[in-house]
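Here the structure comes first, spelled out in structure tokens, and everything after it is commentary.
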Amino acid sequence: MSHKGVVSYSTSYLWSGSVQIVEAVADASVLDAGRQETYALRAGCQYVVYDSEAGYGLRDGVLKLIASLDRMLPIYHGEPLKKHRLILPFIGRRGDTVVVASCLAALKERYPQVTIDIAAPDAPREVLRLMPRLGKQLPYPPLAEQIEHYDYYLSFEEVEAVPYGWRRSCADLFSVILHTPRPGSPPHVAIPREVRERWRFPVTNRARICVHVGRSDSLRSYPRDLLDQLVQYLIDARFEVYLIGAGDATRHAEAHSAEFAHDLCGQTATAADLAAVLVQMDAVVTGDSFPMHLAGTMGIPTLALFAATDAVIGSDYPAVVTIQSRAGCSPCRIADGVCPLGHGQCIAHRERSFSPQSIVQRLDMLVSVSGAVQANTADHSSRLCSLGSLTVEGPLPN
């Protein structure tokens, strides 16, 4: 398809406005805030999109507004359900996807006869394929003609009405907005057998620690100089270290023993690959990130560092131990922007409780208390079958 236009939007716009029916008047690539193509629109087709995106398209002459979706389909407000069909248009991040799946699973548990379909871009749908089968996973944006088959649509537009001080966790917030029950437990995760086998690590007599390396331009990321120190301290403490993260995070293992530091940055791009790595870990170190949500959902002991954002985000998962920086500016809640104090990096990461030495001490306690370390001669991946929140033998849901 030849793209005759480009529409850019930020995922932050997900949390405001309603859903609209639009007609694409030109082929277009739709880019997210990172300038990555999220989906494409074909001229002459009518789609259901968030009105913020429609606004961008109208400005750029790519879209024509047809009607508001709520004229055709009511928003779900918690009504008792029987054999109803619900659809959720969703363009959130992968971490949010985990929480949304948990909320929808709780609704499905209350009303087993209900069908809940989710229309989402590729990245969220990839995560949803690891979660329980709630219904169909449709491409985003859904075609307008598909909507007539549903009884309600689920909407995030009420988020602005929820006072910030009330937002104790993502699950609290999303369950209120979507009018679902508060999730009682994380959603079930299924790892495909072939992915598990591809990522099976050899036997080791050291506890395995996974360290998430965030983007260098994110205020949520642990500073690179401290990260290098942390890796060396972990190796000295007889841990085996696995680094995960974006492609720009590579080369952090090169300065350390190749035997005990493994750089997987840029290699776990899919949710299934990441899950297959995480399930073999004795503990995970991360910030406010998708790996935190996924590890927490899978029940992997996780130490989550919160500097720019609020530690309540990690409170949805019993397996996650959070550390909130005690710096006076934390949390500033500006995760992906510029430091409001003018610092090049988030100085809240320099607080004493975030030091590499302190993290190693906490990890040592976390691994010991969790009982996750297997006997020295045991294959760590054998615990794949012992975690109640995981399935590793069955195929992925469609």
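The values are calculated or read from the model by the stated rules, or taken from the named source; none is laboratory data. Everything numeric in this text was worked out from a predicted model, so none of it was measured. Positions of Cβ are backbone-derived with ideal geometry, glycine not excepted, and every protein chain shown enters the neighbour counts.
Numbers for the structure displayed
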quantity: Pairs with Cβ under 8 Å, 6+ apart, first in the stretch 129-144 and free of Cβ contacts under 8 Å to residues at least 40 places away in the same chain, second surrounded by fewer than 16 Cβ atoms within 10 Å (Cβ to Cβ) and of a type in the set (A, V, I, L, M); calculated: none
quantity: Residue in the stretch 260-270 that is at pLDDT 95 or above, in contact with a strand residue (DSSP E or B) (Cβ under 7 Å, 6 or more places away or on another chain) and either within 17 Å of Arg206 (Cα to Cα) or assigned to a loop (DSSP other than H, G, I, E, B) (or both) present; calculated: no
quantity: Residues located in the stretch 78-120, provided they are over 22 Å from the mean Cα position of the chain (by Cα) and more than 23 Å from Asp316 (Cα to Cα); calculated: Glu79, Pro80, Leu81, Lys82, Lys83, His84, Arg85, Leu86, Pro112, Gln113, Val114, Thr115
quantity: Residue count, the stretch 187-218 (criterion: under 27 Å from Asp310 (Cβ atoms), modelled with pLDDT under 95 and in contact with an Asp or Glu (Cβ under 7 Å, 6 or more places away or on another chain)); calculated: 3
quantity: Subset of the stretch 224-259 that is among the β-branched types (Val, Ile, Thr) and closer than 20 Å to Leu274 by Cα - its residue that is modelled with the lowest pLDDT; calculated: Thr250
quantity: Condition broken by Gln280, with the remaining ones in (1) out of contact with any Ser or Thr (no Cβ under 9 Å at 6 or more places or on another chain); (2) at pLDDT 95 or above; (3) surrounded by fewer than 23 Cβ atoms within 10 Å (Cβ to Cβ) satisfied; calculated: (1)
quantity: Answer residue from the stretch 300-317, given it is under 13 Å from Leu366 (Cβ atoms) and not hydrophobic (A, V, I, L, M, F, W, C) and is surrounded by the most Cβ atoms within 10 Å (Cβ to Cβ) among those; calculated: Thr302
quantity: Total residues in the stretch 283-312, condition acidic (Asp, Glu) and in contact with a Ser or Thr (Cβ under 7 Å, 6 or more places away or on another chain); calculated: 1
quantity: Qualifying residue in the stretch 365-374 (condition: at pLDDT below 70 and either within 23 Å of the chain's Cα centre (by Cα) or not small (Gly, Ala, Ser) (or both)); calculated: yes
quantity: All positions within the stretch 133-144 that are buried (at least 17 other Cβ atoms within 10 Å of the Cβ) and not small (Gly, Ala, Ser); calculated: Leu134, Gln137, Leu138, Tyr140, Pro141, Pro142
quantity: Matching residues in the stretch 91-115 - criterion: being farther than 16 Å from Pro291 by Cα and surrounded by fewer than 24 Cβ atoms within 10 Å (Cβ to Cβ); calculated: Ala105, Ala106, Leu107, Lys108, Glu109, Arg110, Tyr111, Pro112, Gln113, Val114, Thr115
quantity: Qualifying residue in the stretch 317-324 (condition: over 27 Å from Met131 (Cβ atoms) and among the polar types (S, T, N, Q)); calculated: yes
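Table: residues versus (1) in a loop (DSSP other than H, G, I, E, B); (2) of a type in the set (A, V, I, L, M, F, W, C).
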| position | (1), (2) |
| --- | --- |
| Glu194 | no, no |
| Glu197 | no, no |
| Arg200 | yes, no |
| Val203 | yes, yes |
| Val211 | no, yes |
| Asp217 | yes, no |
| Arg220 | yes, no |
| Gln232 | no, no |
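Conditions (1) over 24 Å from Met131 (Cβ atoms); (2) touching a residue at least 60 places away in the same chain (Cβ under 8 Å), marked per residue:
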| position | (1), (2) |
| --- | --- |
| Phe174 | no, yes |
| Ile177 | no, no |
| Arg182 | no, yes |
| Pro186 | no, yes |
| Phe201 | yes, yes |
| Asn205 | yes, yes |
| Arg208 | yes, yes |
| His212 | no, yes |
| Leu226 | yes, yes |
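Per-residue answers, yes or no, for (1) among the aliphatic types (A, V, I, L, M); (2) more than 21 Å from Arg42 (Cα to Cα):
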residue: Asp70; (1), (2): no, yes
residue: Lys83; (1), (2): no, yes
residue: Pro89; (1), (2): no, no
residue: Gly95; (1), (2): no, yes
residue: Val98; (1), (2): yes, yes
residue: Cys103; (1), (2): no, yes
residue: Ala106; (1), (2): yes, yes
residue: Ala119; (1), (2): yes, no
